[in-house]
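Step one of this worksheet: look at the structure below.
The values are calculated or read from the model by the stated rules, or taken from the named source; none is laboratory data. The model shown is predicted, which means the values in this text are computed figures rather than measured ones. Positions of Cβ are backbone-derived with ideal geometry, glycine not excepted, and every protein chain shown enters the neighbour counts.
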Amino acid sequence: MVKVYPAVFLKEDIGYSVSFPDLEGCFTEGDTIEQTMEMAQEALGLYLVSIEERKMDIPLPSELETISYDENEFVTLVSTSVEKYRKNPKEVKQL
């Protein structure tokens, strides 16, 4: 299942940071915009799986045009495949 959420990217002195306005506490960073996008996809996937595992309601994504941001930021959509980040019991090795 692919999920898509708006994300706010901020150009820092060194690299970029990204946060998800609809997902409190979901953020990450990277050295380049490409790396930051990859990190954002991973953070989003892991965050959504965490919500599912705790049996919480997953917030609906906001419309892109409703997100406010500063002049040194930009907003874009980030997508992720939630299945990629779910634990697969068959892959867990027994010690």
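Only one of E42, E71, E34 is at pLDDT 95 or above, more than 17 Å from V4 (Cβ to Cβ) and not β-branched (V, I, T). Can you tell me which?
Numbers: E42 fails: more than 17 Å from V4 (Cβ to Cβ); E71 fails: at pLDDT 95 or above.
So the residue among E42, E71, E34 that is at pLDDT 95 or above, more than 17 Å from V4 (Cβ to Cβ) and not β-branched (V, I, T) is E34.
Could you name every one of the strands (runs of 3 or more DSSP E) located completely within region 1-86 that has at least 1 residues being of a type in the set (S, T, N, Q)?
Numbers: elements: 2-11, 16-19, 27-30, 73-81.
Answer list for region 1-86: 16-19, 27-30, 73-81.
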